[in-house]
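J.: This is the structure I want to talk about, given as structure tokens.
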Amino acid sequence: MKFINLPEEYKAAAEILGKRLGADAIDVCVEYSHSEELVVSYDGKAGAIKCSAKHHFARALGLFVQYYKKSGGKPFKKTERASFDTLSCMLDVSFSTVLTLDSLKEFTEYLSLFGFNQILFYIEDMYEIPERPFFGYMRGRYTYAELKEFDDYAFDLGVEIVPCMQTLGHLRTYLQWPEAAGIKENDMVLEPQNDKTYEFVEQMIVNSSAPFRSKRIHIGCDETHGLGMGASFKKHGYREPLGLLVEHVNRVAEICKKHGLRPMMWGDMYISFASKRYCNYDTEAVISDEIKAAVNPDVDIVYWHYGQLLGADPVLIDKYVELNGRAPIFAGGVRIWLSPLCDNIVSEKATRISLRDCKSKGVKEVVNAVWCYGTTIYQTCLLDLGRYGEFCYGDDDRDLVERFEFVTGASYDAFMMMSNFNIPYQTEEQRAKASYWADGIGNIIYGCDIMQNIMEKNITEFKMGDYFQDHAGWVRTISDEEAAQWDAMYEGTKLSEHYRKYADWFKPLCENEGEWAYLYKFCYSLFEAMAYKCEIVENLRAAYDKGDREMLRKIADELLPKYIAALDAAKEAQMYHKDKYLSPFGAGGVEGGFGSKMQRALGAIRRIKKYLSGEISRLEELEVEKFRYPGSGPTVFVR
């Protein structure tokens, strides 16, 4: 492709993305012109791209190449207009998924092709503070030079990097060190009413923002549990948490102002304080004059909602408007946390509903949060990020399949099918009723011990209604009638057969070559391991109770070794992901998780064989009365 009239500031994006897209193979002249709408067209002889911003050009370039290749060089025209001023991804690198600099660059390329213009870079303690050597120690923190290079690269693609840090809670990994002893409220939260705390906060703000061009900064302040009840209580006596939060935010806002920064913060605590149930999704919360007065007008408020209460956004957005008279920044979330694989079915449902509501309520800044916990294959978030792009530049996501596969080279169907790790989706009805609260069943099963299994009864007598009982008093608990409806919808589900079905689905993809081969192998191996694990649990206690020594021998000699082999294959695929895309810091937890599961399986083999040989007379673990796992409370996990 050859460009005519292309602005100088767009040329780096054209070069970077042109290489990714193979644009050099297209022998066409493309003329750029300014337009508030995003337009790509080709008349059979020459092409045109019209837009008004660098990130719009990045999306337009991808669209042009996509449509040119699709049409085989025949004329086409596509027009779009962005519904949101800011299309952002919050990318977390603080929970043992530390992307390398090259991975950050690649990720930004994907985002730019989807039309994003911002990354909220969630870095907690993942940057350097020279005065505090233990800040980010052994966590894979980034150097100033790395962050500056990342910012420069993103800038060329039209993407603003906004540092997101924590100035009150979520600081456990630093507060564990003796260096932080004088500023702790508790193990997670900084001590308010302490001048030394604000010296530290200023160090964080200065050093986290220094590598980036952006004059915006996210100061966190969510989930500050125990505020006012730790060190500050001992020193000063009881203070209302709301008052402490207000004073803290005001002091942090002044520090930001001093350094020319515009802060934003999570708004959940304000709604929680306005709720009689202390619930940040309470549609009956009353925004009193006291709550309104607590909000600093110089701090933008972010309303996060990951699908916990679908359909409530219009009411809750209005409550956020009551706080400070303007629409909040909306943050949805890809359902990727606490699980190796993303549930794109739950994400799809939440995204469609929330973004339509955001448009109707005049929200102009939207974020899709990607919380990358240690077990996560982070690229599985790309599908829902693509969906955000389609809803920003159009009214629906009808073109998402083609768009996603063109931009990533991955299989749309595979990304959707991996959702079955978390919930058994066997029918369209089940998929239509996808729920945030029922999600994550697979991860609980995945983490459980074989012999001392808290999920035994849930696996052998599978009932979906069990998984809604965790949330009484926060959002809602479903009625017995509703639980019965869920149970009826899944009646007869055998989890071993469910996981085997999707292992078989992914198996042919393992023959594929290319960038995503490791992911398909990981999915296949993970579903394979889950199929064997569920088959073992479905038969183990019954065989022991009946004295079925043949089945016990099969479990010890055949099923458990196959389960271990599948885990080992999944580990190898995930280690490929770690080695290629991530810093080694944090990998130990993932390797340890696989290792502990395999060692416990070997322990199960040893115990069963000792029983079969008569060396021991009982398997006490299989004689304990097992209860249905209710979705809350202590767990016996093997991580």
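Derivation of every value follows stated rules applied to the coordinates shown; laboratory data play no part. Remember, predicted model here, so these are calculated numbers, not experimental data. Cβ placement follows ideal geometry from the backbone for every residue including glycine, while neighbour counts extend to all protein chains displayed.
J.: What FRET efficiency do you get for E625 and R549 if R0 is 30 Å and r is their Cβ-Cβ distance, rounded to the nearest 0.05?
T.: Approximately 0.85, to the nearest 0.05.
J.: Tell me the relative contact order for the stretch 486-573 as a rounded percent, counting alpha carbon contacts under 8 Å between residues six or more apart. Walk me through the numbers before you get to the answer.
T.: Details: 88 pairs, mean separation 28.1, N = 88.
It comes to 32 percent, rounded to a whole number.
J.: Let me ask another. On a full-extension model of 0.36 nm per residue, what is the gain between A293 and K507, subtracting their alpha-carbon distance, rounded to one decimal in nm? Walk me through the intermediate numbers first.
T.: Values: separation 214, 0.36 × 214 = 77.04 nm, distance 5.82 nm.
Going from the current span to full extension adds 71.2 nm.
J.: So for the pair Q599, K105, with labels modelled 7 Å out along Cα→Cβ, what separation do we get in nm?
T.: Output for this residue pair reads 3.9 nm.
J.: Can you compute the charge dipole magnitude of the chain about its Cα centre, using +1 on each Lys and Arg Cβ and -1 on each Asp and Glu Cβ, nothing else charged? Give it in debye, rounded to the nearest 20.
T.: 540 debye
J.: If each residue of separation counts as 0.36 nm, what is the full-extension length gain between E247 and K562 once their alpha-carbon separation is subtracted?
T.: So the extension gain works out to 107.6 nm.
J.: According to the Kirkwood expression over distinct Cα-Cα pairs, how big is the hydrodynamic radius of the stretch 361-434, in Å?
T.: Across the stretch 361-434, the inverse of the average 1/r is 14.1 Å.
J.: Could you give the length gained by full extension between A181 and E572, i.e. 0.36 nm per residue of separation minus their alpha carbon distance, to one decimal place?
T.: Values: separation 391, 0.36 × 391 = 140.76 nm, distance 3.98 nm.
The A181-E572 span can extend by a further 136.8 nm.
J.: With all pairs of different alpha carbon atoms counted, what Kirkwood hydrodynamic radius in Å does the stretch 532-626 show?
T.: For the stretch 532-626, the Kirkwood estimate is 14.8 Å.
J.: Okay, moving on. Relative contact order for the stretch 182-246: what percent, with Cα pairs under 8 Å and sequence separation of 6 or more?
T.: The value is 41 percent.
J.: Also, I was wondering about something else. How much of the DSSP beta bridge set in the chain is antiparallel, as a percent to the nearest 5?
T.: Close to 25 percent.
J.: Each residue of the stretch 106-122 in order: what ³J(HN,Hα) in whole Hz does its phi give by Karplus 6.51 cos²θ - 1.76 cosθ + 1.60, θ = phi - 60°, with x for Gly and Pro?
T.: Using θ = phi - 60°, the values come out as 4, 4, 5, 4, 4, 4, 5, 5, 7, x, 6, 10, 7, 10, 7, 8, 7 Hz.
J.: Each residue of the stretch 223-235 in turn: what ³J(HN,Hα) in whole Hz from Karplus with 6.51, -1.76, 1.60 and θ = phi - 60°, glycine and Pro shown as x?
T.: Going residue by residue, I get 6, 8, 5, x, 4, x, 10, x, 4, 5, 5, 5, 7 Hz, with x marking Gly and Pro.
J.: For the residue pair K610 and M138, what label-to-label distance in nm results when each label sits 7 Å from Cα along the Cα-to-beta-carbon direction?
T.: Going from the K610 label point to the M138 one covers 3.3 nm.
J.: Enumerate the whole-percent occupancy of each 10 Å bin, from 0 to the last occupied one, for all C-alpha pair distances of the stretch 100-244.
T.: 11, 38, 29, 16, 5, 0
J.: Across the stretch 581-589, in residue order, what do the Karplus-derived ³J(HN,Hα) couplings come to in whole Hz, using 6.51 cos²θ - 1.76 cosθ + 1.60 with θ = phi - 60° and x for Gly and Pro?
T.: Karplus-based 3J(HN,Hα) across the stretch 581-589 equals 10, 10, 5, x, 5, x, 5, x, x Hz.
J.: With an 8 Å Cα cut-off and a minimum separation of 6 or more residues, compute the relative contact order for the chain in percent.
T.: Numbers: 1135 pairs, mean separation 72.6, N = 639.
It comes to 11 percent, rounded to a whole number.
J.: So what is the calculated 222 nm ellipticity per residue for the chain, using -39500 (n - 2.57) for each DSSP H run with n of 4 or more, over all residues, to the nearest 500 deg cm²/dmol?
T.: Mean residue ellipticity at 222 nm (helix-derived): -14000 deg cm²/dmol.
J.: Could you compute the FRET efficiency for K2 and A517, with r as their C-beta to C-beta distance and R0 at 25 Å, rounded to 0.05?
T.: According to the calculation, E is roughly 0.10.
J.: Per the Cauchy relation, a quarter of the hull surface: what is the mean projected area of the convex hull of the alpha carbons in the stretch 1-119, in nm²?
T.: Mean shadow area of the hull around the Cα atoms is 7.8 nm².
J.: Counting C-alpha atoms alone, how compact is the stretch 356-395: give Rg to one decimal and Dmax as a whole number, in angstrom.
T.: Over the stretch 356-395's Cα set, Rg and Dmax evaluate to 12.5, 37 Å.
J.: Further, regarding this structure: Kirkwood Rh over Cα pairs of the stretch 86-421 into Stokes-Einstein at 20 °C, 1.002 mPa s: D in µm²/s?
T.: Roughly 105 µm²/s, to the nearest whole number.
J.: Here's a follow-up. Specify the inter-centroid distance of the stretch 119-165 and the stretch 488-502, based on alpha-carbon positions, in whole Å.
T.: Distance between centres, Cα-based: 44 Å.
J.: Related question: Test of understanding: ordering L111, L168, L383 by Cβ neighbours within 10 Å, fewest first, what list do you get?
T.: Listing L111, L168, L383 from fewest to most nearby Cβ atoms yields L383, L168, L111.
J.: Shifting gears a bit: Among S71, A503, N420, whose Cα sits farthest toward the positive end of the charge dipole of the chain (+1 at Cβ of Lys/Arg, -1 at Cβ of Asp/Glu, about the Cα centre)?
T.: A503
J.: Right, next: How long are the semi-axes of the ellipsoid equivalent to the stretch 189-295, from square roots of 5 times the Cα gyration tensor eigenvalues, in whole Å, largest first?
T.: Three semi-axes, in Å: 25, 19, 11.
J.: Just add up the charged neighbours of R132: K/R +1, D/E -1, any other residue whose Cβ is under 10 Å from the Cβ of R132.
T.: Working: positive: none; negative: D125, E128, E131, E179.
Spelling it out: positives minus negatives among the neighbours equals -4.
J.: Also: Extending each Cα 7 Å along its Cβ direction at D480 and K235, get the distance between those two points in nm, one decimal.
T.: The answer from the label model is 5.3 nm.
J.: Convert 4 °C to kelvin, take the viscosity as 1.567 mPa s, use the Kirkwood radius over C-alpha pairs of the chain as Rh, and evaluate the Stokes-Einstein diffusion coefficient in µm²/s, rounded to a whole number.
T.: On the way: Rh = 26.4 Å.
D = 49 µm²/s.
J.: Project the alpha carbons of the stretch 440-622 onto their principal axes and report the range along each, largest first, in whole Å.
T.: 50, 48, 32
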